1. Residue by residue through region 140-158, note down the ones that are free of Cβ contacts under 8 Å to residues at least 60 places away in the same chain, in a loop (DSSP other than H, G, I, E, B) and closer than 23 Å to residue 207 by Cα.
2. As an exercise: evaluate residue 211 against (1) over 24 Å from residue 61 (Cα atoms); (2) part of a loop (DSSP other than H, G, I, E, B) and give the number of the one condition it does not meet.
3. Using the structure shown, decide if residue 143 is open to solvent by less than 60 Å² (accessible area, probe 1.4 Å), among the hydrophobic types (A, V, I, L, M, F, W, C) and at pLDDT 90 or above.
4. Is it true that residue 111 is within 16 Å of the chain's Cα centre (by Cα), closer than 17 Å to residue 213 by Cα and at pLDDT below 90?
5. So, of the residues in region 151-180 that are acidic (Asp, Glu) and in contact with a Gly (Cβ under 7 Å, 6 or more places away or on another chain), which turns out to be nearest to residue 107 (Cα to Cα)?
6. May I ask you to say which residue of 184, 202 is assigned to a strand (DSSP E or B), modelled with pLDDT under 95 and open to solvent by 10 Å² or more (accessible area, probe 1.4 Å)?
7. Would it be correct to say that residue 24 is aliphatic (A, V, I, L, M), modelled with pLDDT of 80 or more and loosely packed, with under 10 Cβ neighbours inside 10 Å?
8. Can you pull out the residues in region 107-125 that are in contact (Cβ under 8 Å) with a residue 40 or more places away in the chain, in a helix (DSSP H, G or I) and either open to solvent by 50 Å² or more (accessible area, probe 1.4 Å) or small (Gly, Ala, Ser) (or both)?
Amino acid sequence: KGLFIITNFNKLNVAFHVDTVVGIHRVSWEDIIKPDSTINTEKEGVSTGVIKLEEKLIVILDFEKIVTDISPETGLKVSEIDALGERRNREGSPIMIAEDSHLLSKLIAESLKKAGYTQLIVTMDGQEAWDKLCEYKKEGDVLDKVHCIITDIEMPRMDGHRLTKLVKQDDELKQIPLVIFSSLVNEEMRRKGEALGADAQLTKPEIGNLVTEIDKLLDQTGK
């Protein structure tokens, strides 16, 4: 009895067994707010957002954390960085990360630090990343403070595609290489990312490839 909801995540099909589907609602990421400390702790979270729907508060679970807990081999492997071998000093290349999953944000940061990228600006969604970019731009040194942007796609308040569009439409910010790093990079999403101006797009298990891509983009810009 019951139903199976089939999802595709990091090139893996995952089935969720449910008793019934009460309803399906389409919502905008702008309507989703960041969860506070009553749901998430500072270091770890089970939710990526909260939305008010029909006088009810709906908690959006951290799907990536759930799937990684169920099947660890689908998650990021920081050990992949060791396979990259000897590397040049990258301490002078600050990278901005926009990622709403506490688990993935932590693993991406650990991987980048292990690869030598020690200057990290970690944000929890596209809006926070955009606000910081605007702040740095106002101060007049945004291109010195951010050498590369890594963004997820689905995030509360502002998703990664919207962030990409805003960055690449700005005459100054468009000089910053932007990498979409998401569990949802299929052919349709890849075409959309390309149309918006993303410099590279990778699926989330490929942490080693992410570092290699960042190296290449920064070498091209002379950073």
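The values are calculated or read from the model by the stated rules, or taken from the named source; none is laboratory data. Nothing here was measured: the structure is a model prediction, and the numbers come from that model. Neighbour counts are summed over all protein chains in view; Cβ atoms, including those assigned to glycine, are modelled from backbone coordinates with ideal geometry. In case anyone asks, the SASA skips ligands and DNA or RNA and just uses the protein heavy atoms, side chains included. Shrake-Rupley method; radii C 1.70, N 1.55, O 1.52, S 1.80 Å.
1. As a first pass, look at region 140-158 and keep what is free of Cβ contacts under 8 Å to residues at least 60 places away in the same chain: 140-146, 149, 151-153.
Within this subset, residues satisfying the condition of being in a loop (DSSP other than H, G, I, E, B) are 140-141, 146, 152-153.
Correct list: 146, 152, 153.
2. Status for residue 211: all satisfied but (2).
3. Numbers: open to solvent by less than 60 Å² (accessible area, probe 1.4 Å): yes; among the hydrophobic types (A, V, I, L, M, F, W, C): yes; at pLDDT 90 or above: yes.
So residue 143 passes the test.
4. Details: within 16 Å of the chain's Cα centre (by Cα): yes; closer than 17 Å to residue 213 by Cα: yes; at pLDDT below 90: yes.
Yes; evaluated as a whole, the condition is true for this residue.
5. Let us first name the residues in region 151-180 that are acidic (Asp, Glu), namely 152, 154, 159, 170-172.
In the following step, the residues that additionally are in contact with a Gly (Cβ under 7 Å, 6 or more places away or on another chain) were identified as 152, 159.
Working: 152: 13, 159: 20 Å.
Restricting to residues being acidic (Asp, Glu) and in contact with a Gly (Cβ under 7 Å, 6 or more places away or on another chain), the top hit is 152.
6. On the way: 184 fails: assigned to a strand (DSSP E or B).
Exactly one residue qualifies, and that residue is 202.
7. On the way: aliphatic (A, V, I, L, M): yes; modelled with pLDDT of 80 or more: yes; loosely packed, with under 10 Cβ neighbours inside 10 Å: yes.
Criteria met by residue 24.
8. Our first condition is that a residue be in contact (Cβ under 8 Å) with a residue 40 or more places away in the chain; within region 107-125, this holds for 107-108, 111-112, 115, 117, 124-125.
Add one more test, that the residue is in a helix (DSSP H, G or I), and what stays is 107-108, 111-112.
Listed by number, the list holds a single entry, 111.
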